[in-house]
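Trainee: One structure, pasted below without further comment.
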Amino acid sequence: MSSKFLLVKEKVKKFNKFLEVDGDKSISIRWLLLASQSIGISKAKNLLRSDDVLSAIKCLKKLGIKITLSNNQCVILGRGINGFKYKKNIVLNAGNSGTVGRLILSLLIKSPYKIKVIGDKSLSRRDFSRVINPLNEIGVKFYPRGKKKLPISILGSNYLRPISYFEKKGSAQCKTCVMFASLNTPGEMRIFAKKSRNHSELMFNYLNIPIKISSGRDIDIIKTSSPYKLNKFNINIPGDISSGAFFIALTLLSKNSQLTLKNINLNPTRLGILKILKKMGADIKTSNIKINNGERCGDIFVKSTNKLKSINCPASLNSSAIDEFLIIFLIAAKSKGISYFKDLSELNKKESPRLKLGSKILNMIGIKTKLTNSSIKIYGNPNINLNKEYEIKNYLKDHRIMAMCTIAALTFGGNWKIYDPESIKTSFPSFLKILRNKFGVKI
């Protein structure tokens, strides 16, 4: 824990705002990795400049990829599939990013030398067996053998084979890892994946990478194989709905306020939060829908309400809202009735044990919960109004915990001291700047 902290002592005043948020993190990282495998100069506008994305850039530069950043544009000179400049004793630091750590491994499967991948303390606690196991089957070796967490070294092979991979957790990272590995693997890769966000599939389609998708009720069957080459490509990255979610919550939990979020990624596999909040009585609408680089984008309008109600959340919505559940829990805390969320063990395998910490924070502010390893009941209090002092620390520098508590402070009241505010730079570096400059809050 650092010595830095935020002090929040006043609620946000009523507002009517139009807002743009930072570029989508999932798309930003995937574009960087795939553009590095293309031939020629690729450009991206509105690339997210978070620590996670900067970690991806640093890793690619260590592998010989030229990348330049200007005011609102990123330019990559791609060297083609497996065009990295491999050297001995390369160490790649994924920082806090599970996406970078897992996906970069899938592009190193032909490395003639061991490459060491490391991460920060939080990432080094997370399970990497989910990608190590399928990459082992493809023909890659990892050292030390049997180790399932970072730091770990990968040694590629020229004798790779396609596999049939069963992804049962709804992890887009694990699915994408095998998809990216297919770029360097002869034959057809088959992936039987529990439904999750599909940015990688859309990008493969947009880039004419051979891919066939059969969608069932619960799983997608994905067949993909290596293209002859990957052409350079430009992209305009929409705003991240996970970042926008904090301001949606700020609006719903405030009085007499409304907000329009402009040019947000409205990929159907990411809209769980909107579906859940509508079931809870939220006044949310989308408009100006368009398709941009294969992704569905548009505006989100949200209006504050005093009629929020509890929800028995369908588990079928979990994967499409997995990064937003902390903020959904906060909204449930001010809703009438008892909300129930189940099959959420995956939340405890994120940057922090979010299910446990989310419950702990709600308890701290007087909200009753009943917690299991995979579910939570939240006993809402529509009249919640805090006036005590609250201190948030030792939360493993999880950026979403930090932002959740900031929104709670601005809407529920009380005097809050939130440590490690720099953690938000992982995914949403302009969060505090937007609160100060756009909403006039004193932090």
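The values are calculated or read from the model by the stated rules, or taken from the named source; none is laboratory data. Being a predicted model, the structure only gives us computed values, none of them experimental. In this analysis, Cβ positions are derived from the backbone assuming ideal geometry, glycine residues included, and neighbour counts consider all displayed protein chains.
Trainee: For the stretch 78-97, how many residues meet the condition of being closer than 25 Å to residue 228 by Cβ and surrounded by fewer than 18 Cβ atoms within 10 Å (Cβ to Cβ)?
Mentor: Residues in the stretch 78-97 being closer than 25 Å to residue 228 by Cβ and surrounded by fewer than 18 Cβ atoms within 10 Å (Cβ to Cβ): 5 in total.
Trainee: Also, I was wondering about something else. Only one of these is at negative phi, at pLDDT 95 or above, surrounded by fewer than 16 Cβ atoms within 10 Å (Cβ to Cβ) and within 22 Å of the chain's Cα centre (by Cα): 368, 433. Name it.
Mentor: 433
Residues checked against (1) of a type in the set (Val, Ile, Thr); (2) in contact (Cβ under 8 Å) with a residue 12 or more places away in the chain; (3) within 19 Å of residue 183 (Cα to Cα):
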position	(1), (2), (3)
210	no, yes, yes
217	no, no, no
223	no, yes, yes
244	no, yes, no
247	no, yes, no
254	no, yes, no
257	no, yes, no
273	yes, yes, no
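Trainee: What are the pairs, 6+ residues apart or on separate chains, where a residue within the stretch 345-371 that is without any contact (Cβ under 8 Å) to a residue 12 or more places away in the chain and β-branched (Val, Ile, Thr) has its Cβ under 9 Å from a residue that is surrounded by fewer than 21 Cβ atoms within 10 Å (Cβ to Cβ) and assigned to a strand (DSSP E or B)?
Mentor: Listed pairs, sorted by first residue: 369/377; 369/379.
Trainee: Within the stretch 293-318, track down each residue that is assigned to a loop (DSSP other than H, G, I, E, B) and either in contact (Cβ under 8 Å) with a residue 60 or more places away in the chain or buried (at least 20 other Cβ atoms within 10 Å of the Cβ) (or both).
Mentor: Answer for the stretch 293-318, where residues must be assigned to a loop (DSSP other than H, G, I, E, B) and either in contact (Cβ under 8 Å) with a residue 60 or more places away in the chain or buried (at least 20 other Cβ atoms within 10 Å of the Cβ) (or both): 293, 294, 304, 306, 308, 310, 311, 313, 318.
Trainee: Could you tell me whether the stretch 382-389 includes any residue that is at pLDDT 95 or above, surrounded by fewer than 22 Cβ atoms within 10 Å (Cβ to Cβ), farther than 24 Å from residue 305 by Cα and under 26 Å from the mean Cα position of the chain (by Cα)?
Mentor: No; the residues of the stretch 382-389 include none that is at pLDDT 95 or above, surrounded by fewer than 22 Cβ atoms within 10 Å (Cβ to Cβ), farther than 24 Å from residue 305 by Cα and under 26 Å from the mean Cα position of the chain (by Cα).
Trainee: Next question. Could you say which residue among 106, 111, 122 is in the same structural domain as residue 156 (by TED's automatic domain parsing) and either more than 19 Å from residue 82 (Cα to Cα) or basic (Lys, Arg) (or both)?
Mentor: 122
Trainee: Can you work out which of the residues in the stretch 176-199 that are assigned to a loop (DSSP other than H, G, I, E, B), at negative phi and not acidic (Asp, Glu) is surrounded by the fewest Cβ atoms within 10 Å (Cβ to Cβ)?
Mentor: For the stretch 176-199, the residue satisfying everything is 186.
Trainee: From the list 222, 264, 284, which one is part of a strand (DSSP E or B), under 23 Å from residue 72 (Cα atoms), of a type in the set (Val, Ile, Thr) and touching a strand residue (DSSP E or B) at 6+ places or on another chain (Cβ under 9 Å)?
Mentor: The match here is 264.
Trainee: Hey, can you tell me all the residues within the stretch 390-421 that are surrounded by fewer than 16 Cβ atoms within 10 Å (Cβ to Cβ) and closer than 22 Å to residue 126 by Cα?
Mentor: Listed by number, the residues that qualify are 393, 394.
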